[in-house]
Amino acid sequence: MKIDIGTTADGRTISLPLKRANRHGLVTGSTGGGKTVTLQRLAEQFSAAGVPIFASNVKGDLSGIATNCPTQFWDLFGTHGLPIRTSVQAMGSELLARMLKLNDTQEGTLAIAFKKAEDDADFMLTTGDLHFMLIDMADNRESVCQKYGNVTASSINAIRRNLLTLEAQGGDNLFGEPPFDIRDFMATNSAGAGMVNLLHADKLMEAPKLYATFLLWLLTELFRNLPEVGDLDKPKMIFMFDEAHLLFTDAPKNLLQSIERLVRLVRSKGVGVFFVTQSVSDIPDTVLAQLGTKIQHALRAFTPKDQQTIKATAAAFRENRGVDVKRDITTLGVGVAFVSVIDEEGIPTKVEKVSISKPSGQIGAIESLERDVILKASPLRQKYSYASSEGEAAKEFDNRMRQERGLPPLEANGDWPEGTYAAYLPNLTVDAVRRPTRADALRRVASSFLILAGAAGLLYAGTHL
Ligand SMILES: Nc1ncnc2c1ncn2[C@@H]1O[C@H](COP(=O)(O)OP(=O)(O)O)[C@@H](O)[C@H]1O
Ligand SMILES: [Mg+2]
């Protein structure tokens, strides 16, 4: 079984053996060169082969794939897809520290907050819960310092300040009930085609750290939840990471190491990761070394640094006589790319100049109404659009965490104050794009009438003053 990528000028088909798709990949090139269309082509074929896909799609221009593949839309904000939520506790202090852009000291303080939550069985669901925990730590700083080591008021305050920024960016939408189950990505339809899970990420991109950490968390969830499988005939899942440079820009060394390890280890879980970014120089060497398939679209190069990138790009490919990457990379046509894959034997193939085959689905985004229809028909809609009341959500969460840790459930004694969590539940606006109803029309007429009446009243008042 193979994924056909495209054809060479002399008519040979270049394809990636499915069993090597877990050797990961990289799709690069300047904007407009054809990266997204290439991804669509790959995703289509993976889906046809029964492999589920997750793809973050910043511009939303991959959604045309829904015209010929089973597609599920996801959106952190719950407007353009089903919401994906977890708890602060399950996210863990390391990833959250990254999201909050904390320094080492602040990260240490956050780790203590997490430790304390575990010790006190006072688990954190929302960012609001984390605020409470931090306030509590500040109030009882002496005993906290005694038990866990030094915690300063200033680092607590810094975390809370950054938490407010995260909330302002909509990051609090990520935290709530019901919890997202990564296995829901891994579906096939009745015809055996793999589900294409598309993350609508345009708003999320306004907060690059949130975006990158969120995807890193998803990948970690895959790693945590999938069993070790070794080499399979075909991957269990393909994970496509758009704007991947955001993951690496000013990432601290320990994070880079964790990413490199995650990417390396997730292979044996049957997961193939495809990074998408403008240039190979966006990816650290240690990660680059893990990426088997390389698809390089045209690079518009102007600066001396670009010239270096071109050299590096050419050097990363296995040489092929008659294919001059360095010379031709700046003049490649749209939808043409230099390609190298991992062959059946596990060896990188020589670089080829390839015309990427056109996807069979629609190129470009589908209409929002079309997306709405798909969303409404989704079997997962009930599960993820369901919002329990704030108190209930907290109760369900607490008891689940306790159960996981072998603790008895809490008594239903009204310990959870109703109202506390209201602000932290994401808004569920799957119905946001609805057709105006008769009631809407009536309301509009009524409100214009009120405005007119108001204006008339003002006029009347004006003439009588
Ligand atoms: N393989 C292809 N076959 C046909 N048209 C393509 C192909 N690749 C790109 N295109 C055209 O070029 C446009 C830009 O490609 P796109 O994939 O969005 O570029 P990028 O993601 O690199 O910015 C697409 O909208 C499409 O019209
Ligand atoms: Mg694109």
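Where a number appears in this text, it was derived from the coordinates with a stated rule and is not lab data. Computed from a predicted model, the values in this text were never measured in an experiment. Please note: Cβ atoms are built from the backbone with ideal geometry, for glycine as well, and neighbour counts cover all protein chains shown.
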Next item on the list: Please work out the C-alpha center-to-center distance from region 197-211 to region 130-156 and express it in whole Å.
Entry: 32
Checklist line | Computed over the chain, the ratio Rg/Rh where both radii use C-alpha atoms and Rh is Kirkwood | finding: 1.04
Next item on the list: For the chain, build the charge dipole from Cβ charges (+1 Lys, Arg; -1 Asp, Glu) around the Cα centre, then report which of Pro208, Thr8, Val263 sits farthest towards its positive end.
Entry: Thr8
Next item on the list: Only helical DSSP H runs with n ≥ 4 go in: add -39500 (n - 2.57) per run for the chain, normalise by residue count and round the 222 nm mean residue ellipticity to 500 deg cm²/dmol.
Entry: -12500 deg cm²/dmol
Notebook entry, point to check: What number comes out for the charge environment of Gly194, summing +1 per Lys or Arg and -1 per Asp or Glu over other residues with Cβ under 13 Å away?
Noted result: +1
Notebook entry, point to check: Helix 304-316 versus the longest principal axis of the chain: what angle, 0 to 90°, nearest 10, using Cα atoms?
Noted result: 70
Checklist line | Spacing of the two label points (7 Å from each Cα toward its C-beta) at Ser190 and Asn103, in nm | finding: 6.0
Next item on the list: Compute the whole-percent fraction of alpha carbon pairs in region 126-240 spaced more than 22 Å apart.
Entry: 54
Check: For Asp306 and Ala153 in one chain, what is 0.36 nm times their gap in residues minus the Cα-Cα distance, to one decimal in nm?
Finding: 50.5 nm
Note to self: Order 60-66, 166-172, 324-330 from most to least packed using the mean count of other Cβ atoms within 10 Å.
What the structure shows: 60-66, 166-172, 324-330
Check: So, with +1 on the Cβ of K and R and -1 on the Cβ of D and E, and no other charges, what is the size of the charge dipole of region 335-400 about its Cα centre, to the nearest 20 debye?
Finding: 180
Note to self: Charges on Cβ only, +1 for Lys and Arg, -1 for Asp and Glu, centred on the Cα centroid of the chain; of Gly50, Ala187, Ala312, which one is farthest towards the dipole's positive end?
What the structure shows: Ala312
Check: Looking only at Cα atoms, what is the convex hull volume of region 53-116 per residue, in Å³?
Finding: 110
Item checked: Peptides ranked, highest mean first, by Cβ atoms within 10 Å: ranges 16-29, 88-101 -> 16-29, 88-101
Check: Roughly speaking, what % of Cα-Cα pairs in region 128-170 are separated by over 17 Å, rounded to a whole number?
Finding: 31
Margin query: Counting only other residues whose beta carbon sits under 13 Å from that of Ser340, what net charge do I get with K and R as +1, D and E as -1?
Written below: +3
Next item on the list: Return the aspartates and glutamates within reach of Lys101: Cα separation strictly under 14 angstrom, same-chain partners fewer than 8 residues apart disregarded; answer none if there are no such residues.
Entry: Glu167, Asp250
Notebook entry, point to check: Using unit Cβ charges (K, R positive; D, E negative) and no other charged atoms, how large, in debye to the nearest 20, is the dipole of the chain about its Cα centre?
Noted result: 1480
Check: How much length, in nm to one decimal, is gained on full extension between Thr13 and Ser268, taken as 0.36 nm per residue of separation minus their Cα-Cα distance?
Finding: 89.0 nm
Notebook entry, point to check: Measuring from centroid to centroid over Cα atoms, what is the spacing of region 69-83 and region 360-382 in Å?
Noted result: 9
